[in-house]
């Protein structure tokens, strides 16, 4: 890895020196100083852009830890459980009590139309009223309403026996469902559904974390492979360069024709191309790993390069396919999400089954009233024409409240309210729909289980296949090394040609690349085998239908589909 950085710095320095040399040459030949200055500025810009890179040694466990802390996909998914918590709180808010209050002032002027009101030409009345209302939907389906009203009435009507008149009354209304909405209503359905949604957000978060960590481990092994492949390509280039030097010496001493050097030079050029491509693969692998484990906001995001400390090794492991399938059917995130959807369907079936029952409600109302103010008796009676002594009896607002709380003037009502639809109802159509969707979801669940088992078995086969590939590639590499050694000895003895030596070098390079590729693929297949038991690879088998989707909502409470 350090050799790679030294080569890169050397290339940058060479480019800068080349620009400088060109500018000096042009100035000396043509005297064009402006062109020379421009080239020198370009050279300075190239050198400035070559920011020093920091090398960080990184183990695969450290890469996993960094991804857990900084990966943007995981950070985004961690918001979902918090959002689901708010959804649960929002659904439960329908059970919160609601308190409202009113204050009014009324003034009324009317012409006199009766001799009983007195001799005033203008009949005046005034009312000041204040009240409060408390309502609440209870978790078991009942609801109540408490009203408390107070008023003060004044008038210049002589026939009013109490003036001013203070009134206070309290009323209580309670309604309890007896069939429909007794076991479950729409609010309870919504609360239960949002709780299931909260559980689903945890399942999805775990799935994203597992999938991301799988991608991190595979990216780590890809980088490790890319670095090992660069070393292999450099070894092939070194062999080609050594062959070129040996052939040049043979030409000098007259044991080889000069034309044979061209083939050696072509082999060197071909291997140089392989080194360039391998170097580009390392840069792509660095970017891929960087995007998975680093926050783009960090200052060193584009300048840090990673040097893997864990080398992809081969250690044959036994694979228990049956246990893996059983574990996947218990822990796979997509299957757990599907079962969560099926549980939501159970809730919806309970609700829609309850909605086809008759709407029978028990209702109880109770009220109490009190009165206060100034009560007048006696005086002139226009009906009899007689006058009696006038007396006044004052009752305060406290006396009116005393009447209310002492149940001085009670009133109550008890009743049963029964409602039922005539003909086909929306509730019956909704129930028929959700039952069909539920049966569809159970079939989809069985199909998903089959797809999961198939995918786990396929990944297990990949592990076994890659294990055999490693063993075969290792044997092939050892044989190619012996073959190259034999061809070099034959060439030295004059029994072979450079063509067969170069062919053996290429075969050895391919064998080395195939071996490290097989080892990398084997380690990645082990990562996939572990991950496939928890999350789907490559998308998975899809979700299942939630029974209740598309049902018609018949009351005012919003229900998210």
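None of the figures in this text is laboratory data; all of them are computed from the coordinates on show. Note that the structure is predicted; figures quoted are calculated from it, not measured. Virtual Cβ from ideal backbone geometry, glycine too; neighbours counted across all protein chains shown.
Miscellaneous remarks
- Going by neighbour counts of Cβ atoms within 10 Å, the residues 314, 301 line up, fewest first, as 301, 314.
- Our analysis of the range 198-356 gives Rg over Rh at 1.31, with the two radii drawn from alpha carbon positions and Rh computed by the Kirkwood formula.
- Calculated P(r) of the range 474-515 - Cα pairs past 17 Å, %: 25
- Full extension of the chain segment joining residue 76 with residue 465 gains 136.4 nm, where the gain is 0.36 nm per residue of separation less the Cα-Cα distance.
- Distance (nanometres) between label positions extended 7 Å along Cα→Cβ at residue 68 and residue 253: 6.3
- Extension gain, residue 138 back to residue 346 (0.36 nm per residue minus Cα-Cα distance, nm): 72.6 nm
- Here r is the Cβ-Cβ distance between residue 298 and residue 86 and R0 is 41 Å; the resulting FRET efficiency, rounded to 0.05, is 0.85.
- Each label point was placed 7 Å from the Cα along the Cα-to-Cβ direction; for residue 530 and residue 261 their separation is 5.5 nm.
- Of every Cα-Cα pair in the range 140-284, the percent that sits beyond 27 Å: 70
- What the pair-distance distribution of the range 176-247 shows, using all Cα-Cα distances binned every 5 Å from zero, is 3, 12, 8, 9, 8, 7, 7, 6, 6, 5, 5, 4, 4, 3, 3, 3, 2, 2, 1, 1, 0 percent.
- Nearest-0.05 FRET efficiency for residue 418 and residue 122, computed from C-beta distance (R0 60 Å): 0.70
- Residue 489-residue 320 pseudo-label distance in nm [points 7 Å out on the Cα-to-Cβ vector]: 5.0
- Estimated FRET transfer efficiency (residue 103, residue 439; beta-carbon r; R0 51 Å; 0.05): 0.30
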